[in-house]
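Undergrad: Just passing along the structure, written as structure tokens.
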Amino acid sequence: MHSLAQLQKQQVGLRLPVYLVEQIDEFTKEYNLNRTDIIIESIKSYIEKQEAEAFYKSFDASCKELREVLDDPKKADELQTIEEFLDEL
């Protein structure tokens, strides 16, 4: 959740290729939105996608480390508690 201060809008300058402006304008007509709404939603969607990809990459790396530990008894013997194991990850 964002604070009221974070929800205030700030004007920024932006230069876009003509073809993108034309596509945005098509959306404004089709969905009865303004350019700002479309650009805001596009940026939010892009950021969410990037955050999700970063999370899954990190999760994948953790799973690979776990697999290595489970497959190597020597590594498993080195970890005495689950807390120590999680600290290693």
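Undergrad: Determine whether region 51-66 contains at least one residue that is open to solvent by 100 Å² or more (accessible area, probe 1.4 Å), assigned to a helix (DSSP H, G or I) and over 30 Å from LEU86 (Cβ atoms).
TA: So far as region 51-66 goes, no, none of its residues is open to solvent by 100 Å² or more (accessible area, probe 1.4 Å), assigned to a helix (DSSP H, G or I) and over 30 Å from LEU86 (Cβ atoms).
Undergrad: So PHE85 ticks every box in (1) modelled with pLDDT of 90 or more; (2) surrounded by 10 or more Cβ atoms within 10 Å (Cβ to Cβ); (3) not aliphatic (A, V, I, L, M) but one. Which box is left unticked?
TA: It fails just one condition, (1).
Undergrad: Only one of (1) assigned to a helix (DSSP H, G or I); (2) open to solvent by less than 100 Å² (accessible area, probe 1.4 Å) is not met by LEU16, so which one is it?
TA: (1) is the only condition that LEU16 fails.
The values are calculated or read from the model by the stated rules, or taken from the named source; none is laboratory data. The structure displayed is predicted, hence computed values, not measured ones. Cβ coordinates were reconstructed from backbone atoms using ideal geometry, including for glycine residues, and neighbour counts include every protein chain displayed. The area values use the complete protein model at the heavy-atom level, side chains included, leaving out ligands, DNA and RNA. Shrake-Rupley method; radii C 1.70, N 1.55, O 1.52, S 1.80 Å.
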